[in-house]
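*Asks:* Below is the structure I would like to discuss, written out as structure tokens.
Derivation of every value follows stated rules applied to the coordinates shown; laboratory data play no part. Since this is a predicted model, take the numbers as computed values, not measurements. Note that we place each Cβ from the backbone using ideal geometry, even for glycine, and neighbour counts take in every protein chain shown.
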Amino acid sequence: MRYQIVITVLIILLPVYVLADIVVVVNPNSGIAELTRHQIIDIYMGRNPGIKKGQVLQPFDHPLNSVVRAEFYYKTTGKPASVINAYWARLLFTGRASPPRLVEDNKAMLKTVRENPAAIGYLEQKYLNEHVTVVYTLENNE
Amino acid sequence: MNNKLHLHVARIITLGTILFAIVVSTIFYYYSRSVQQSIMEKSIQQLFITVKSTATIAAYLGNEELAKEVVEGLSKNDIVSATALTSVSGLNVIVGDQLSEPVGTMFFPLYNPFEASERVGEIQIRPNKALLNQYVKSSALEQLFILLTLILVVAVLVLTMMRRVLTRPIQSIAASLHKIKPGEAGQLVCPKGHENNDIGHLVGDINKLLVSTRNTIEQERQLRSRVEGMEKHFRLIFERASAGIFLLDSSFHLKSSNLAFKKIAGIVESERRESRKNIYLPELFFDPHTVKNLLHEILKTNRQTACDLRLDTMVNGEERWLHCLFSTVHSDQEETMIEGLVIDVTERTFQMERILFESEHDPLTQLFNRRAGEQLLNIMLTNARKNGDQLVLMLIDLDGFKEVNDNFGHDAGDIVLVEIANRMQTTIRKEDILIRLGGDEFVIAFTLRNEDRDEIDLFVEKLQNRFKTQINLNNGQSITIGSSIGIAVSPHDGENIETLMTNADSAMYQSKRKGKNCASYYLAA
């Protein structure tokens, strides 16, 4: 009984303690230095893929059940991943919109952004390197 | 019974309720309209909630497919006549009528699903007015139909119940009441089941009334027959009475009279019919003026009056006399009438007159007798004294009358007396008095203004001249007879009749002594 409570508490607190800050990154060649949270949501929810005229940013997502993905969407949209999944499921049948493409993990995300100038992705801060540009930081206490 | 009661009531109730139903249905129509409208709006709101998230996404993304799906889905509801989804990004999907006319259209704003403050579009939904109207109309008609059905049922029930509970018993009562004739035996029978209600009481009261009416009529009938009997008796008395009975109005016209009166008064039956009302009682009498005055007097004094009156008509040349008894009668009406009772007293009147005449006159000569003569003389003397006149009293004694009696008999004597009396009667004036004292003694009296012996002498001479004429006796012989006269003149020869008579008598003896057939004045000793 006692262990259960402790475990439950730990599970609840897990993302806060386990996860570090998440950074949103783009290819340095994209010419984008900074994005607002609103812009990030619009890009990821398929509303407005471009910031400038004619520019199309291609969002990349972590696996559907990954903790970082849940953290990302929660911190940006304030909604759990299930709602986001349902959102895309609903849009799937219209044929017009498609959800962000998936990458395996943080390392794969880094690689994808580094290689694709139109790509935009997010990863845990600890995997960050100099080959990508941070345009937004989702802090833990946010 | 053209206007049946139950039909009347049912008609009134039906008309009233139909009016009520129309009013209620109209009110219901408007009320129901607003209710239905709010229900519809609420349903539309719920519809919106159903599609809200999809619509939000469609507007957020400007996704036309999704928007179409939403709009078409909404439009499939029959309560929706038109739908539109517009987004800020310029998406505009419309299904149904043009939404240009925004009457009744409901607007639902759509917000960014991730940023609630950002409006990304709106949905417009227009409720189906036609459907609403149809709903409302049909439900109002339904309501009206239900009410009318109810009214019909109520009317039929009222009709039936009125008929059963009220009209039919009343009709049966009325019908049996109609058959009962006033005064005849007969009772109403209370309709079954109504013994203890108002109808039962009504029947009871009517029966009581019938009984009391019957009793009253029976009493009236008995009373009437009694009165009729009495009337018959009275009429018999009136009609068959031997005395004449009549009734006069206040103007003395004959109101009614019995047979006896008509006979007595000589009113002919056929004449009576025509001029019955015009018979004026005073005119039936010889002296209408007196009778009229008499009747006026009776009316004035209210006194019963009896008198003998002479009728105007004569029977066999004889006067007719009625003894009349008049009295006033106050009838129920204002007018005072006079009642009269008459008896034919013609015979009696004549008898009385004869008796009176006989008591005052000498039966042979018809001259006043001594008793009546003395009374007349006294009256004449009183009058003469009052006027300062003189009274001349002559005592006449026939000369040789005893011899006539002895020689020719008493009948001849009577003839002589009658003849002499007639001659003296025709000699004197009307106002003079001629008396037969008895036997062959007569008295003549008259008044004089002055003591004028010449006038007296003249009269004596005239008288004695009449005596000179011969008197025819019944046996063919004739005689003459003289007279000795004694004269006394008041007041010189006496203050009263007795003295004057005595003095005239002595003067008469003076004449006898002188040799008869002459006149002598009394000479005081």
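*Asks:* Over the range A:19-138, what is the mean sequence separation of C-alpha contacts under 8 Å (at least six apart), divided by residue count, expressed as relative contact order in percent?
*Replies:* Answer for the range A:19-138 is 50 percent.
*Asks:* Quick one: angle between helix B:5-61 and the longest Cα principal axis of chain B, in degrees between 0 and 90, rounded to 10, please.
*Replies:* 20
*Asks:* Looking at this model, which pairs from B:LYS42/B:LYS68; B:LYS232/B:LYS263; B:LYS263/B:LYS300; B:LYS181/B:LYS232; A:LYS75/A:LYS111 are more than 26 angstrom apart at the alpha-carbon?
*Replies:* B:LYS263/B:LYS300; B:LYS181/B:LYS232
*Asks:* Can I ask one more? For the range B:360-367, what does the Karplus curve 6.51 cos²θ - 1.76 cosθ + 1.60, with θ = phi - 60°, yield as ³J(HN,Hα) per residue in whole Hz, taken in order and with x for Gly and Pro?
*Replies:* Couplings: 9, 10, 6, x, 7, 9, 6, 8 Hz.
*Asks:* For every helix of n ≥ 4 consecutive DSSP H residues, a contribution of -39,500 (n - 2.57) applies; sum these over chain B, divide by its total residues, and give [θ] at 222 nm rounded to the nearest 500 deg cm²/dmol.
*Replies:* Theoretical 222 nm ellipticity from helices: -18000 deg cm²/dmol.
*Asks:* A further question on this structure: Please compute the contact order of the range B:361-521 in relative form: average sequence separation of alpha-carbon pairs under 8 Å and at least six residues apart, divided by the residue count, as a percent.
*Replies:* Over the range B:361-521, the number comes to 29 percent.
*Asks:* Rounded to the nearest 500, what is chain A's calculated 222 nm mean residue ellipticity when only DSSP H runs of at least 4 contribute -39500 (n - 2.57) each, over all residues?
*Replies:* -12500 deg cm²/dmol
*Asks:* Cross-link candidates for A:LYS107: which lysines have Cα within less than 16 Å, leaving aside residues fewer than 8 places away along the same chain?
*Replies:* A:LYS126
*Asks:* Using θ = phi - 60° and the Karplus form 6.51 cos²θ - 1.76 cosθ + 1.60, what ³J(HN,Hα) does each residue of the range B:198-214 get, whole Hz, x for Gly and Pro?
*Replies:* 4, 5, x, 4, 4, 4, x, 5, 4, 4, 4, 4, 4, 4, 5, 4, 4
*Asks:* Another question, if that's okay. Helix B:410-427 versus the longest principal axis of chain B: what is the Cα-based angle in degrees, 0 to 90, to the nearest 10?
*Replies:* In chain B, helix B:410-427 runs at an angle near 70 degrees to the longest axis.
*Asks:* What is the angle, in °, between the Cα long axis of helix B:453-468 and the longest principal axis of the Cα atoms in chain B? Nearest 10 is fine, range 0 to 90.
*Replies:* Long axis of B:453-468 versus the principal axis of chain B: about 80 degrees.
*Asks:* Would you mind checking B:LYS292/B:LYS386; B:LYS402/B:LYS430; B:LYS4/B:LYS192; A:LYS79/B:LYS76; B:LYS179/B:LYS208 for any pair whose Cα atoms are more than 28 angstrom apart?
*Replies:* Over 28 Å Cα-Cα: B:LYS292/B:LYS386; B:LYS402/B:LYS430; A:LYS79/B:LYS76.
*Asks:* Amide H neighbours of B:ILE267 under 5 Å, at least 5 residues apart or on other chains, H built in the peptide plane: list them.
*Replies:* none
*Asks:* Mind listing which trypsin sites (Lys or Arg not before Pro) in the range B:332-434 are in a DSSP loop and have 10 or fewer other Cβ atoms within 10 Å?
*Replies:* Those satisfying the criteria are B:ARG429, B:LYS430.
*Asks:* Quick check: net charge around B:LYS4, other residues with Cβ under 12 Å of its Cβ, Lys/Arg +1 and Asp/Glu -1?
*Replies:* Net charge in that neighbourhood comes out at +3.
*Asks:* Moving on. Skipping prolines and chain starts, which residues have an amide H placed within reach, meaning under 5 Å, of the one on B:ALA82, given they are 5 or more residues away or on another chain?
*Replies:* B:ARG126
*Asks:* Follow-up. Identify the trypsin sites (Lys or Arg not before Pro) of the range A:34-142 meeting these criteria: DSSP loop state and at most 11 other C-beta atoms within 10 Å of the C-beta.
*Replies:* Qualifying residues, ordered by number: A:LYS52, A:LYS53.
*Asks:* Could you put B:TYR135, B:TYR31 in order, starting from the residue whose Cβ has the fewest other Cβ atoms within 10 Å?
*Replies:* B:TYR31, B:TYR135
*Asks:* Same structure again: Which whole-number percentage describes the relative contact order of chain B, with Cα contacts under 8 Å and a sequence gap of 6 or more?
*Replies:* 8
*Asks:* Can you work out the Karplus-derived ³J(HN,Hα) for every residue in the range B:143-159? Use 6.51 cos²θ - 1.76 cosθ + 1.60 with θ = phi - 60°, whole Hz, and x for glycine or proline.
*Replies:* 4, 4, 4, 4, 4, 5, 4, 4, 4, 4, 4, 4, 4, 5, 4, 4, 4
*Asks:* Let me ask something else about it. Using the 10 angstrom Cβ neighbour count as an exposure proxy, how do A:VAL68, B:VAL392 rank, fewest first?
*Replies:* A:VAL68, B:VAL392
*Asks:* What is the set of long-range amide H partners of A:VAL135 at a cut-off below 5 Å, with H atoms built 1.01 Å from backbone N?
*Replies:* Correct list: A:VAL24, A:VAL25, A:VAL26.
*Asks:* Quick one: net charge of B:LEU248's neighbours, Cβ under 9 Å, K/R +1, D/E -1?
*Replies:* Local charge sum for B:LEU248: -1.
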